[in-house]
Amino acid sequence: MAGRKRPYFQEPRFYLFPGLPQIEYAARRDQPWLDAVEAAAPAIRAELQALLAEPDLFRPYVESREDRPNGDQAGMLDNPDWSAIFLWKDGIEQPEIAARCPATLQALALVPLCRIPGRTPSILFSKLAAGARIPPHNGMINTRLICHLPLITPPGCRLRVGNSVREWQDGVAWAFDDTIEHEARNDSDQDRVILIFDVWKDEITPEERSLITAMFGAIDAYAPSQAWGV
């Protein structure tokens, strides 16, 4: 009413499941498995540090592809300021990296990962360079949440989801709806690195998960999959 803020709603770029609540950050009480993920943060960070010693392993998160149009992506296309190492990508394990991160995968063993063959989950270490910003954007489907486990987070690193802004803190995880407009920034002089993975929303029943998976299976049988990323 004061005109200082505007409402934000789910605006998925690919698929909308109707009737889900418009919640920016998921309530902690609804994600009890976050405690175990946080408890594993030191072991996960150790595996990350070994990968950071090989900087060439990181690739731009948004890369050019021959099988689709490549717009500017708000300056993020092939931009190393936002880079990643994938343990799983588009529902496919990346065996060389996954084999080097057993503690990370063990920590996610009981997490309700969003599994749709050829599409999800994606599990990755995401690096945002010092002084870099990820511009406002919306995710692909509103039946999942994106989860962050901060591992290397200097002061001044923040995520905005809708009207809510949070600063990453090492070892403090959260889950949010990425189909609500969000952006990230690193106003520090150091790189920020977090673990990212995607899970089913609690509101999606097991039967609905199965039906959604079957639907995308039928779509991919008709035409090649267009992977979403996270």
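The values are calculated or read from the model by the stated rules, or taken from the named source; none is laboratory data. Keep in mind it's a predicted model, so treat the numbers as computed, not measured. Positions of Cβ are backbone-derived with ideal geometry, glycine not excepted, and every protein chain shown enters the neighbour counts. Note: accessible area is taken over every heavy atom of the protein model, side chains too, but ligands, DNA and RNA are not part of it. Shrake-Rupley method; radii C 1.70, N 1.55, O 1.52, S 1.80 Å.
How would you classify segment 86-196 from its alpha-carbon gyration tensor, with a ≥ b ≥ c the square roots of the eigenvalues: rounded for a/c under 1.5, else prolate if a/b is greater than b/c, otherwise oblate?
Working: a/c = 1.91, a/b = 1.31, b/c = 1.46.
Cα axes put segment 86-196 in the oblate bin.
Rolling a 1.4 angstrom probe over the chain with all protein chains present gives an accessible area of which 54% lies on carbon and sulfur atoms. Look at the Cα gyration tensor of segment 159-201: its axes a ≥ b ≥ c give a/c of at least 1.5 with a/b at or below b/c, and that counts as oblate. Computed on the chain, with alpha-carbon pairs under 8 angstrom and 6+ residues apart, the relative contact order is 26 percent.
Dipole check for the chain: with +1 at the C-beta of Lys and Arg, -1 at the C-beta of Asp and Glu, and the Cα centre as origin, the magnitude is about 500 Debye.
Where does the chain land at 222 nm, in deg cm²/dmol rounded to the nearest 500, when only DSSP H runs of n ≥ 4 count, each adding -39500 (n - 2.57), divided by all residues? Please list the in-between numbers first.
Working: 5 runs with 45 residues, N = 230.
The per-residue figure over the chain is -5500 deg cm²/dmol.
Rolling a 1.4 Å probe over the heavy atoms of the protein chains gives the chain an accessible area of 50 Å² per residue. A protection proxy built from the mean count of other Cβ atoms within 10 Å ranks the segments 86-98, 19-31, most packed first, as 86-98, 19-31.
Computed on segment 54-163, with alpha-carbon pairs under 8 angstrom and 6+ residues apart, the relative contact order is 24 percent. Once you sort the root eigenvalues of the Cα gyration tensor of segment 1-115 as a ≥ b ≥ c, which label holds: rounded (a/c under 1.5), prolate (a/b larger than b/c) or oblate (the other case)? It is oblate, given that a/c is not under 1.5 and a/b is not larger than b/c.
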